Amino acid sequence: GGGGILLGFSEEPEAPRFLLRHFFPSKIGGQPAWLDPIRLPTNEDNQTKCCGCGGPLSFLLQLYCPINLKDECFHRTLYVFTCTKEECLRKNLGVTVLR
């Protein structure tokens, strides 16, 4: 066999409404479905700026990954943003993950 590791796969939602934040979606592309729409990251706080070039990062994906053993982490989503410049990615400076 190939001996590879399957980390996951993407599939179409049953209906577009399942991509809304109160359904805790995992998704690729588009706009993030923020769990907390009040306290969004901004370029001013540098959370969505590239550490390499300082440019804005693009939303790549979000993963719903609750931790059932901790009440404060039950509804936890990871948001992955990436720079579009190859040189930033090659230097491992162009990816940011927010929780």
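Derivation of every value follows stated rules applied to the coordinates shown; laboratory data play no part. Just so it is clear, the structure is predicted and the values come from calculations on it, not from any experiment. Every residue, glycine among them, receives a Cβ derived from its backbone with ideal geometry; neighbour counts consider all protein chains shown.
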>> Quick check on the range 64-77. Is at least one of its residues in contact with a Gly (Cβ under 7 Å, 6 or more places away or on another chain), assigned to a loop (DSSP other than H, G, I, E, B) and in contact (Cβ under 8 Å) with a residue 12 or more places away in the chain?
In response: no
> Which condition does V97 not pass, out of (1) β-branched (V, I, T); (2) surrounded by 15 or more Cβ atoms within 10 Å (Cβ to Cβ); (3) within 22 Å of P37 (Cβ to Cβ), if it passes all the others?
Replying inline: (2)
